[in-house]
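Participant: Sending over a structure as C-alpha cells; questions will come in a sec.
A short reminder: the numbers here are calculations on the coordinates, not readings from a lab. Everything numeric here is computed off the predicted structure, so don't read it as measured data. For neighbour counting, all protein chains shown are included, and Cβ atoms are generated from backbone atoms with ideal geometry for every residue, glycine included.
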C-alpha cells in the first residue's frame, strides 16, 4: 500500500503519523498533483491491479469503508489467483 500526502506543509506529515501510524509507504506530492489526476476530495482511495488499471476508486471516509475496501481487494486477489491457475489473464 502506498499513501500519498497532498499537504502543502510537508512538515505536518510526521506529526500526523505520530498520531495515526501506518505501515504504508508515504509519498509527498508537488503542488496540484492531486488535481492532475482528478482527485477532488480526501481521502481518495484507488485500487490498481497488477497491470496498472484502476479497478476501484472512492472519495471520502465513513462507517464500513474498511470492510468494503477489503471485499474489493479480496475479489481482485481471487480474480488474479484464478487467472494464474487457468493460464488466462483477465
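Participant: Which of 47, 15, 26 moves the most in a Gaussian network model of the chain with Cα springs under 10 Å?
Facilitator: Of the options given, 15 has the highest mean-square fluctuation.
Participant: Still on this structure, please answer the following. Based solely on its DSSP helices, what 222 nm [θ] is calculated for the chain when runs of n ≥ 4 H residues each add -39,500 (n - 2.57) and the sum is averaged over all residues, nearest 500 deg cm²/dmol?
Facilitator: -11500 deg cm²/dmol
Participant: Sorting 79, 71 on the 10 Å Cβ count, fewest up front, what's the list?
Facilitator: Listed from fewest to most nearby Cβ atoms, that is 71, 79.
Participant: Picking from 12, 28, 69, which is most flexible by a Gaussian network model of the chain using Cα springs under 10 Å?
Facilitator: Comparing 12, 28, 69 in the GNM, the peak value goes to 12.
Participant: Roughly speaking, what is the stretch gain from residue 28 to residue 82, that is 0.36 nm per residue apart minus the C-alpha to C-alpha distance, in nm to one decimal?
Facilitator: Taking residue 28 through residue 82 to full extension adds about 15.9 nm, to one decimal.
Participant: For a quick check: sort 11, 46 by the number of other beta carbons within 10 angstrom, fewest at the front.
Facilitator: In increasing order of surrounding Cβ atoms, one gets 11, 46.
Participant: Taking every DSSP beta bridge that has both residues in the chain, what percent is antiparallel when rounded to the nearest 5?
Facilitator: In the chain, DSSP labels about 55 percent of beta bridges as antiparallel.
Participant: Now for a different question. Just to compare against my own numbers: the Cα pair-distance distribution for segment 23-67, 10 Å bins, whole % per bin, please.
Facilitator: With 10 Å bins starting at 0, P(r) equals 21, 50, 28, 1.
Participant: Restricting to Cα pairs below 8 Å that are 6+ residues apart, what does the relative contact order work out to for the chain? Please round to a whole percent.
Facilitator: 19 percent
Participant: How large is log10 I(q)/I(0) at q = 0.10, 0.19 Å⁻¹ when the Debye formula is applied to the Cα atoms of the chain, each weighted equally and without solvent?
Facilitator: So the normalised log intensities work out to -0.35, -1.04.
Participant: May I pose another question? So how do 22, 33 line up by other beta-carbon neighbours within 10 Å, fewest first?
Facilitator: In order of increasing Cβ crowding within 10 Å: 22, 33.
Participant: Between 42, 53, 20, where does the largest GNM mean-square fluctuation fall for the chain, given springs only between Cα atoms within less than 10 Å?
Facilitator: Top of the fluctuation ranking is 20.
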